[in-house]
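Just below is one structure, and these are the notes that go with it.
The values are calculated or read from the model by the stated rules, or taken from the named source; none is laboratory data. As the structure is a prediction and not an experimental result, all values here were calculated from the model. Cβ atoms come from the backbone with ideal geometry, glycine included; neighbour counts cover every protein chain shown. In case anyone asks, the SASA skips ligands and DNA or RNA and just uses the protein heavy atoms, side chains included. Shrake-Rupley method; radii C 1.70, N 1.55, O 1.52, S 1.80 Å.
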Amino acid sequence: MPLKRDKGNITFPEEYQSREYKIFKEEELVSSLPRTIYEKACRAATRINIHPDAKSEKKLAEAIEFSHLKTTPAGVASLTIIAALLVTIPTIVLIAMNLFFSGGITFGNGMIILVLALPFLYYIYTYPMHLKKRYEMSVGSEIVTMILYVAMFMRNTPNLERAISFTAENITGPLAYELRKLMWDVEVGNYFSIEDALVNYTKKWSQNRNFVQSIEIIISSLTQPDERREQMLGEVVGVILEGNREDAKHFTQSLKTPVMVVHAMGIILPVLGLVMFPLIAVFLGVGSSALFFVYDILLPIVLMFLIGNILESRPSTFSRLDIADIPDAPPKGKFRAGKKFLPAWPFGFFVASISLALGYFIYAFEGPQGVLSPLIMIGGITLGFAVNYLLLTFQLTGLRDKTREIENEFAEALFQIGSQIHTGTPLEVSLEYSIRRTKNLKIKDLFLRALTNIKSMGMTFRQAFFDKSYGAVLFYPSRLVKSVMKTVIESADRGAKTASLTMISVSQYLKGIHATQEQINDELSDPVSSMKFQLFFLSPMISGVVITLTVIIIGILSQLTSKTSALPIGSFIPLLGEIKITPFEFIIVVGIYLVENIFILSFFVNGIQNGPDTIGRQNTTAYALIIGYTVFVITLFLTLSIFSPLTLLAVS
């Protein structure tokens, strides 16, 4: 069949295209299309074609290329200008209507709108830079795994191209795509060799000196004798791990001031404002709408901007545990109930609806001065989200913890088997011996199943682990375990001694990674503990105390007004009682702020501890909502029971 020509490019017929080429072509097609609202908006805004200055255009172009954002610097600048016009022109028109006609908005409110719009416009313009930082953290978390897999493979097979291909097959995320892209560029002749492709790729990561150095060592090891090559490959894992330790240490040291700022912005300043609000409401006539805007809209947005910028400086450490291959894992948005998978949100919605309806029913009897009805309504919102997140994560976190425990035990079991084989003991005997030595570990079942396959079914070492129907790794769906066992089996084809040395060396790599993870967790423990205390206890307690103080102040002013209305100075005192907010409204506003604060601080805590991890964030948020709301209610009723009688006695 003749080759086809498409716009000057030669293309192969469908039946002659390899599976790898088809996969890559599909990925390229998908990746070339605008995927997000931002990309689509930039593409539409490009019609006016406004270019930024040369320096900014260069920075934007680098960020866009790095993060694979499907737009151009002109598109970003054009979108920013259009957004600015969409905010500015209507605001000016409304101000003019108020000045010369009826309706519109006051000049002060117009200025507030324009000032508040500036951060959003700036964020639109700098979004590619923010996306680049998040992309660096996401892809960078896979770098350690990449270096580990390349080093493992090249211990036995000093072929860099095959090592990169093996790594691309066994890691996930954007880095796997980029490695496949490198392989394809080599195949089509964009690079002379995979070494040239990797050297060019490291220029993209020039700020990650440890990664660049690791790639340089790997390439240099290709020209060394076997013993020296193995030594250098062992060093390369140590280089990347040491770099992670240093980055985590520097990040922890730099967190002290940001944590203090978050504490001040999230607790101290809001508390001062809430305590003073009754007096502000009296003398300035400020109502609940202003309080809602400041505390439930403006302040959370400021905190999210602040925390987002802090987390963007977090160094990439280790890849998140991928549970996509676990057969028992429920699909996204669902949880397992028996043999069925059910969506989680209806259960959360049901809990929230019942509580909101009950709160509204109680409000009909309590009125706007009541305390119980707003608490039940806030409790409904809180428990609705908590139930939804718990149902989404309780099974996934259990599966992930089990898989992580198995991976942590894998290094020790691998070392035991490798050491035994190295003494000349037959493979079956070595497996039996290692199973006895690791009888208290869960990972022993992996090797026990493999040994059963060898003895009972006459399988080879490779089949015992990777048989499509009975392979041991089918029951332990960990990418790390699968990848390591592939490397071990490849080395076993070269002899038992080679397999034993591979097992021992890989086990040392894994132990080094585990030790580094523990050190990094230890480095991050202080700021994480501080933020968890603020999340679970301090914020809810202070919110409860603030509501008590405000409710008491509102009650005192109201009673003073009623008791002094007949006095000669009654014409002044009643003004103090004209507070445009009720206890119900105040509790609702503060309760919503507490819920938002829990979401934001959970995002911050999980971001420091685990990086971008949806499962961890949702699980932390669920428990924080339950514990935080409980502490909030207990504190509120406890302080009300203590101070309300004293206040009533003083007023009377």
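At a glance:
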item: Apportionment of accessible area to carbon and sulfur, the stretch 127-257, percent (1.4 Å); result: 48 percent
item: Amide N proximity, the stretch 330-356 versus PHE475 label position 7 Å along Cα-to-Cβ, cut-off under 14 Å; result: none
item: Helix-only [θ]222 nm of the chain, DSSP H runs n ≥ 4, -39500 (n - 2.57) each, per residue, nearest 500; result: -25500 deg cm²/dmol
item: Label-point separation in nm, LEU85 to GLN519, each point 7 Å along Cα→Cβ; result: 5.6 nm
item: Helix axis angle, 614-651 relative to the chain longest principal axis, alpha carbon, degrees; result: 20 degrees
item: Percent RCO, i.e. relative contact order, over the stretch 131-277, from Cα pairs under 8 Å lying at least 6 residues apart; result: 21 percent
item: Sites GLN224 and TYR623 - FRET efficiency at Förster radius 51 Å, r taken between beta-carbons, to 0.05; result: 0.50
item: With all protein chains modelled, accessible area of ASP296 [1.4 Å, Å²]; result: 10 Å²
item: Sequence of LEU298, LEU274 when ordered by accessible area, the most exposed leading, probe 1.4 angstrom; result: LEU298, LEU274
item: Spin-label model distance (nm) - LEU114 vs THR630, 7 Å beyond Cα toward Cβ; result: 5.2 nm
item: Normalised contact order of the stretch 85-210, rounded percent, pairs of Cα under 8 Å and 6 or more residues apart; result: 12 percent
item: C-alpha center-to-center spacing [the stretch 499-542, the stretch 118-186] in angstrom; result: 23 Å
item: Against the rule of thumb 2.2 N^0.38 Å, how large the Cα Rg of the chain comes out; result: 1.20
item: Longest segment of the chain lacking trypsin sites (Lys or Arg not before Pro) that sit in a DSSP loop with at most 11 other Cβ atoms within 10 Å; result: 48-331
item: Principal-axis tilt of helix 174-187 within the chain, Cα atoms, nearest 10 degrees; result: 40 degrees
item: Cβ-derived FRET efficiency at R0 25 Å, LYS203 paired with HIS51, nearest 0.05; result: 0.50
item: Å² of accessible area per residue within the chain, as computed with a 1.4 Å probe and no ligands counted; result: 50 Å²
item: FRET efficiency estimate (nearest 0.05) - Cβ-Cβ, PHE537 to MET457, R0 56 angstrom; result: 0.50
item: Solvent accessible area, Å² - MET377, 1.4 Å probe, full protein context; result: 30 Å²
item: Residue order for THR71, THR223, THR630 - accessible surface, 1.4 angstrom probe, largest first; result: THR223, THR630, THR71
item: The stretch 165-249: chymotrypsin sites (Phe, Trp or Tyr not before Pro) in DSSP loop, at most 15 other beta carbons within 10 Å; result: PHE192
item: Sulfur and carbon atoms: percent of accessible area, the stretch 372-482 [1.4 Å]; result: 56 percent
item: Projected label distance in nm at LYS334 and THR423, using a 7 Å step from Cα toward the beta-carbon; result: 5.1 nm
item: Solvent-accessible area of LEU118 with every protein chain in place, 1.4 Å probe, in Å² to the nearest 10; result: 110 Å²
item: Length-normalised contact order of the chain in % [C-alpha pairs under 8 Å, at least 6 apart]; result: 14 percent
